[in-house]
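Enquirer: Take a look at this one; I'll ask things after.
The values are calculated or read from the model by the stated rules, or taken from the named source; none is laboratory data. On a predicted model such as this, the values are computed, not experimentally measured, just so you know. Glycine also receives a Cβ, built like all others from the backbone with ideal geometry; neighbour counts cover every protein chain displayed.
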Amino acid sequence: MSRFSLSGTARLLACSYWMNPAVPLVDTGSNAADGGTAVGAVAEAVIKGQRVVMPEDEKAYLFAQHVLAWLKEHRTTGMRAEVPFAWDVRDDTGRELPSKGQRDYSAAADTEVCGTADIVSMGVDEDGAFVWIADWKCHFGGDRVDARDQLAALALAACRTYGVPRAKCVALHVDERGVDDTSERYDLDAFDLDGVAVSIREALANAPSEPRSGPHCTQRFCGAIAACPKTQAGLVQLVPDVALVRKDWRYQPVIESPDHLAWMATVRPMLSKAMKQVDAAMAAYVKDGPVTTSTGDEVYQATRRMPRLNMGALEQLARDKGATDEEIASCFRTSVEPNGVRVSAAKRGRAA
Ligand code: SF4
């Protein structure tokens with residue numbers, strides 16, 4: 001069941017088409033995901049009493065500082081970080097999984113599904129013992145989505161592991177303003193946990209669904225997006241027909257030859273441009289306010305508040321405080337980063 005991890009529970013419950021073994025899954029990764037990993041590593045090091053390495057990325061550094069401040073206030077001696085769990089779908093039992101490294105689930109049995117809790121501890125209140133589960137949610141951009149299903153699935157595995165009937169879960173949302181630990185808190189009793197077990201078990205037992213597209217496709221990071229028939233149906237309208245009938249020219253996540261790669265690199269800018277035009281058309285449609293579809297859904301222009309570092313103001317502040325040109329220059333660094341796959345024309349020699 002390696003396609004599924006407990007952190008993907010919300011996506012599984014919304015659509016299980018991607019569970020089909022024939023559908024290629026692509027882990028696209030992202031700067032945001034890397035930043036989240038770096039911030040999570042800071043929290044893990046603090047909780048495990050290891051050396052803390054702060055992220056280099058400016059925003060991840062700021063987030064890590066918020067995490068350090070939160071842990072200073074809330075860390076308890078019983079907290080454990082990065083705890084891998086396995087939940088047996090057939091027996092409804094749980095265990096901590098021996099793990100060789102981050103997100104290594106190779107020790108899992110065929111009947112087990114796995115997931116890693118960012119922070120776990122045990123607690124007791126007037127109703128008895130409970131497991132406390134927390135998950136960092138770093139917001140480097142994109143939509144903020146709820147973590148309920150993911151937390152509930154991890155809580156199920158943890159409660160079955162420790163033989164505890166209840167869980168308290170919290171999503172720790174981190175952004176430029178700090179750590180929000182109040183907007184998502186869930187108390188799950190034995191009845192709730194049984195319900196979580198049933199819904200995951202049913203979703204895994206049923207044949208993969210037809211693709212059911214929605215916000216979960218992007219917000220829940222579906223690895224099947226490029227191969228999904230819903231995407232392909234949209235591409236038909238953007239890519240010339242000829243490109244979709246010749247196998248060598250298919251726009252797909254599996255690259256089959258250098259010529260296929262070159263074709264993809266040529267077509268991608270065109271798709272990107274087409275998508276920008278689609279974005280502009282959608283924004284224009286809702287610029288005067290939300291519109292309602294025939295099924296009652298509301299479509300609207302979302303916004304988000306993004307604090308930006310004003311480099312000019314920062315440099316001036318540094319100068320006002322007496323920083324020299326050399327000290328200011330030492331704050332800038334140049335890095336070489338991937339900037340798209342390009343095609344250059346072949347160099348052909350002259351005929352003799
Ligand atoms: S892209 Fe969306 S519809 Fe397609 S498999 Fe993924 S979640 Fe399902």
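Enquirer: Name every residue in region 166-180 that is at negative phi and surrounded by fewer than 16 Cβ atoms within 10 Å (Cβ to Cβ), in order of residue number. Can you show your working first?
Expert: Going residue by residue through region 166-180, those that are at negative phi are 166-177, 179-180.
Across region 166-180, the qualifying residues are Glu176, Arg177.
Enquirer: Let me ask something else about it. For region 222-236, give me each residue that is of a type in the set (S, T, N, Q) and either more than 8 Å from the ligand (Cβ to nearest atom) or at pLDDT 85 or above (or both). Before you say what the answer is, go through the steps one by one.
Expert: Step one: filter region 222-236 for residues of a type in the set (S, T, N, Q), giving 231-232.
Across region 222-236, the qualifying residue is only Gln232.
Enquirer: Step by step: first the residues of region 107-134, then only those that are closer than 21 Å to Ile200 by Cα and hydroxyl-bearing (Ser, Thr, Tyr), then the one that is farthest from the chain's Cα centre (by Cα). Which residue is that?
Expert: Thr111
Enquirer: If you don't mind, another one. If I filter region 76-93 down to residues being among the polar types (S, T, N, Q) and not in a strand (DSSP E or B), which single residue comes out as nearest to the chain's Cα centre (by Cα)?
Expert: Taking region 76-93 as the starting set, the residues that turn out to be among the polar types (S, T, N, Q) are 76-77, 93.
Next, only the ones that are not in a strand (DSSP E or B) stay: 76-77.
On the way: Thr76: 27, Thr77: 29 Å.
If we take residues in region 76-93 being among the polar types (S, T, N, Q) and not in a strand (DSSP E or B), then Thr76 is nearest to the chain's Cα centre (by Cα).
Enquirer: Next up: Quick one: Asp149 ticks every box in (1) within 16 Å of the ligand (Cβ to nearest atom); (2) of a type in the set (Asp, Glu); (3) in contact with a Pro (Cβ under 9 Å, 6 or more places away or on another chain) bar one, so which box is it?
Expert: It fails just one condition, (3).
Enquirer: Give the number of residues within region 98-115 that are closer than 12 Å to Trp87 by Cα and either among the hydroxyl-bearing types (Ser, Thr, Tyr) or touching a Pro at 6+ places or on another chain (Cβ under 8 Å) (or both). So that I can check it myself, show each step before the final result.
Expert: Narrowing region 98-115 to residues closer than 12 Å to Trp87 by Cα: 105, 108-115.
Filter again for either among the hydroxyl-bearing types (Ser, Thr, Tyr) or touching a Pro at 6+ places or on another chain (Cβ under 8 Å) (or both), leaving 105, 111, 114-115.
Looking only at that region, the number is 4.
Enquirer: So the check is Cβ under 6 Å with 6+ separation or different chains; which pairs have a first residue in region 1-24 that's outside any helix (DSSP H, G or I) and a second one that's away from the ligand (no atom under 11 Å from the Cβ) and not β-branched (Val, Ile, Thr)?
Expert: Every condition considered, the pairs that remain are Ser5/Cys114; Ser5/Gly115; Ser16/Ala203; Pro24/Pro253.
Enquirer: A follow-up question, please. Filter region 205-221 for residues that are hydrophobic (A, V, I, L, M, F, W, C), more than 21 Å from Asp146 (Cα to Cα) and either within 15 Å of the ligand (Cβ to nearest atom) or in contact with a Gly (Cβ under 7 Å, 6 or more places away or on another chain) (or both) and give the result.
Expert: Step one: of region 205-221, the residues hydrophobic (A, V, I, L, M, F, W, C) are 205, 207, 217, 221.
Narrowing further to those that are more than 21 Å from Asp146 (Cα to Cα): 205, 207.
If the condition is that a residue be hydrophobic (A, V, I, L, M, F, W, C), more than 21 Å from Asp146 (Cα to Cα) and either within 15 Å of the ligand (Cβ to nearest atom) or in contact with a Gly (Cβ under 7 Å, 6 or more places away or on another chain) (or both), then Ala207 is the only one that fits.
Enquirer: On to the next question. Could we say that Glu96 is out of contact with any Gly (no Cβ under 6 Å at 6 or more places or on another chain), under 27 Å from His216 (Cα atoms) and not aliphatic (A, V, I, L, M) here? Before the answer, list the steps.
Expert: Numbers: out of contact with any Gly (no Cβ under 6 Å at 6 or more places or on another chain): yes; under 27 Å from His216 (Cα atoms): no; not aliphatic (A, V, I, L, M): yes.
In short, no.
Enquirer: Give me a count of the residues in region 184-199 that are in a helix (DSSP H, G or I) and either out of contact with any Leu (no Cβ under 7 Å at 6 or more places or on another chain) or within 11 Å of the ligand (Cβ to nearest atom) (or both).
Expert: The initial filter retains those residues of region 184-199 that are in a helix (DSSP H, G or I), namely 190-199.
Filter again for either out of contact with any Leu (no Cβ under 7 Å at 6 or more places or on another chain) or within 11 Å of the ligand (Cβ to nearest atom) (or both), leaving 190-192, 194-195, 198.
Final tally of qualifying residues: 6.
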